[in-house]
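The values are calculated or read from the model by the stated rules, or taken from the named source; none is laboratory data. All values reported here derive from a predicted model rather than from experimental measurement. Please note: Cβ atoms are built from the backbone with ideal geometry, for glycine as well, and neighbour counts cover all protein chains shown. All accessible areas refer to the heavy atoms of the entire protein, side chains included, with ligands and DNA or RNA removed. Shrake-Rupley method; radii C 1.70, N 1.55, O 1.52, S 1.80 Å.
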Amino acid sequence: MRKELLTIALMSAMALNQGCNSEKEEAKDEAQKKPLSLIVVEPGHFHAALVQKSMYADVDSVVHVYASEGPDVKAYLDKVEKYNTRPEDPTSWKEEVYTGPDFLEKMLSEKKGNVVVLAGNNQKKTDYIKKSVDAGLNVLADKPMAIDAAGFEKLKEAFASAEKNKVLLYDIMTERYEITNALQRELASLPAIFGELQKGTPENPAVMKESVHHYFKYISGEPLVRPTWFFDVAQQGEGMVDVTTHLVDLVQWSCFPNAVVDYQKDVKLLGTKRTATQLTPSQFKLVTKSDKYPDFLSKDVKDSTLSVYSNGEINYTLKGVHAKVSVLWNFQAPEGTGDTHYSIMKGSKANLIVRQGKDQKFKPVLYIETTDKSKAYEDAVAAAFKSVQDKFPGIELKKIAAGWEVTIPAKYDTGHESHFAQVANKYMEFLKAGKLPEWEVPNMITKYWITTSALKQAKEKK
């Protein structure tokens with residue numbers, strides 16, 4: 001009897017010890033958990049994968065994916081797997097995937113993470129944004145967050161809901177991290193170099209940004225396969241509300257840094273224009289791997305040629321400054337070239353111009369161009385430029401006939417794909433702080449009002 005009691009006592013002690021160890025392990029696991037956990041919803045655009053090209057200190061390696069079955073989610077998972085298995089600096093994402101027609105409802109009921117990443121079909125994106133913030137989830141969304149006037153109204157409601165639920169809704173503005181854009185903004189804030197931003201006229205705007213893109217391109221060293229819905233403006237959005245989002249953002253960000261821009265008081269739409277890019281069946285097959293146009297594109301096909309309204313132009317004023325943004329899509333860039341960007345900001349002392357043509361070997365180059373050739377101005381430029389060099393070590397001025405070329409060390413040319421991690425890191429800083437800068441939300445609202453209202457105006461002309 002005594003022996004049996006001793007055995008029972010030993011077993012109880014072991015069980016207690018195991019329980020303690022188990023609790024210790026759970027506590028350890030809990031301590032190792034990162035504060036942020038990603039939920040990727042319906043990743044139909046390669047930008048979803050680019051957010052995961054890097055690991056983040058505060059983000060859990062387990063990513064919860066919710067999507068409908070099909071090639072889009074497969075393409076996303078394939079890209080993440082390539083990042084995980086690359087020889088240099090591999091990532092270590094663990095993808096937990098749920099696919100089914102009820103993927104959104106499943107995600108909202110389970111809420112396995114706290115940051116929803118949205119990059120895909122834009123037709124339902126605004127709805128996904130609204131439902132996510134309503135459920136108390138933070139959202140990092142690829143542009144555009146709205147593609148028409150109805151979507152804009154819903155987006156405004158989403159921002160109100162995010163504020164009420166104390167979550168952060170933010171869009172992925174990668175172009176702010178391109179070095180020539182960052183330096184153009186920096187130089188425009190220096191009166192000794194730039195003077196004052198001019199007002200311009202409708203015929204001669206003070207600020208112009210033009211962007212040329214291509215349907216067929218290489219991403220992470222491989223030909224990009226685009227989903228067929230990308231060519232349906234009802235799902236992707238027209239050019240005026242898609243890529244133009246970046247350009248409108250850069251105008252606000254550069255001309256009025258850290259200042260609130262109110263679309264109801266500060267913006268006037270002056271003129272809009274939309275045109276289509278034509279694609280042949282063979283071009284469509286090359287970029288989508290699809291042998292035929294899907295039924296939803298039949299409305300845009302005539303004599304076997306597909307018309308995509310991917311080109312747009314917006315003329316408007318922002319706090320009295322005349323601005324013009326335009327986007328053009330071609331099928332494929334000529335050999336050795338790629339997407340290009342042109343930007344000019346006109347100041348009373350100098351113009352700040354980004355060119356990316358043949359003379360620049362299709363790499364963006366920033367110039368300071370001026371008519372003032374005096375020694376006094378030259379000395380003032382050299383003195384003021386030191387503050388830029390303090391922020392961006394290694395950057396220099398090279399004298400040219402028109403003024404100066406800003407020479408930028410290769411370390412700053414990190415490429416478009418790297419900017420996604422930069423945006424994500426900045427967003428995580430905001431999440432830690434528990435708020436966005438005061439100007440970000442009103443300026444996002446203004447940006448989407450400009451793009452969606454411009455589209456509405458352009459379509460009413462027809």
Residue satisfying all of: in the range 413-439; at pLDDT below 95 and of a type in the set (Ser, Thr, Tyr); most open to solvent (accessible area, probe 1.4 Å) among these: 414
Name the residue that is nearest to residue 420 (Cα to Cα), counting only residues in the range 216-236 that are among the polar types (S, T, N, Q) and either at pLDDT 85 or above or open to solvent by less than 40 Å² (accessible area, probe 1.4 Å) (or both). 236
Matching residues in the range 404-450 - criterion: being closer than 22 Å to residue 353 by Cβ, touching an Asp or Glu at 6+ places or on another chain (Cβ under 8 Å) and in contact (Cβ under 8 Å) with a residue 60 or more places away in the chain: 406, 416, 419
Which condition number does residue 180 fail, the rest of (1) assigned to a helix (DSSP H, G or I); (2) modelled with pLDDT under 95; (3) among the hydroxyl-bearing types (Ser, Thr, Tyr) being met? (2)
Based on this model, can you work out whether residue 454 counts as surrounded by 14 or more Cβ atoms within 10 Å (Cβ to Cβ) and either within 17 Å of residue 264 (Cα to Cα) or among the aliphatic types (A, V, I, L, M) (or both)? yes
Would you mind telling me which numbered condition in (1) open to solvent by 20 Å² or more (accessible area, probe 1.4 Å); (2) in contact with a helix residue (DSSP H, G or I) (Cβ under 6 Å, 6 or more places away or on another chain) residue 359 fails? (2)
Any chance residue 335 is surrounded by 15 or more Cβ atoms within 10 Å (Cβ to Cβ) and either farther than 25 Å from residue 260 by Cα or within 22 Å of the chain's Cα centre (by Cα) (or both): no
Consider only pairs whose beta carbons are under 7 Å apart and that are at least six residues apart or on different chains; among these, list those whose first residue lies in the range 369-387 and is closer than 15 Å to residue 348 by Cα and whose second residue is open to solvent by 70 Å² or more (accessible area, probe 1.4 Å) and not hydrophobic (A, V, I, L, M, F, W, C). 370/349; 372/349
Do you know which residues across the range 73-109 are more than 23 Å from residue 223 (Cα to Cα), in contact with a Phe, Trp or Tyr (Cβ under 8 Å, 6 or more places away or on another chain), without any contact (Cβ under 8 Å) to a residue 60 or more places away in the chain and assigned to a helix (DSSP H, G or I)? 106
Give just the number: which of (1) modelled with pLDDT under 95; (2) part of a loop (DSSP other than H, G, I, E, B) does residue 213 not satisfy? (2)
Residues of the range 374-400 satisfying the condition of being assigned to a strand (DSSP E or B) and loosely packed, with under 15 Cβ neighbours inside 10 Å: 396, 398, 399, 400
Filter the range 117-147 down to the residues that are in contact (Cβ under 8 Å) with a residue 60 or more places away in the chain and not in a loop (DSSP other than H, G, I, E, B), then identify the one that is farthest from the chain's Cα centre (by Cα). 132
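Each row is one residue, and each column tells you yes or no for (1) assigned to a strand (DSSP E or B); (2) farther than 25 Å from residue 269 by Cβ; (3) out of contact with any Cys (no Cβ under 8 Å at 6 or more places or on another chain); (4) not polar (S, T, N, Q).
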site	(1), (2), (3), (4)
299	no, yes, yes, yes
306	yes, yes, yes, yes
314	yes, no, yes, yes
323	yes, no, no, yes
Matching residues, the range 216-256, being part of a strand (DSSP E or B) and within 28 Å of residue 183 (Cβ to Cβ): 218, 219
Options 371, 337; residue that is within 23 Å of residue 247 (Cβ to Cβ) and not in a strand (DSSP E or B): 337
From the list 298, 326, 282, which one is surrounded by fewer than 17 Cβ atoms within 10 Å (Cβ to Cβ), hydroxyl-bearing (Ser, Thr, Tyr) and within 20 Å of residue 237 (Cβ to Cβ)? 298
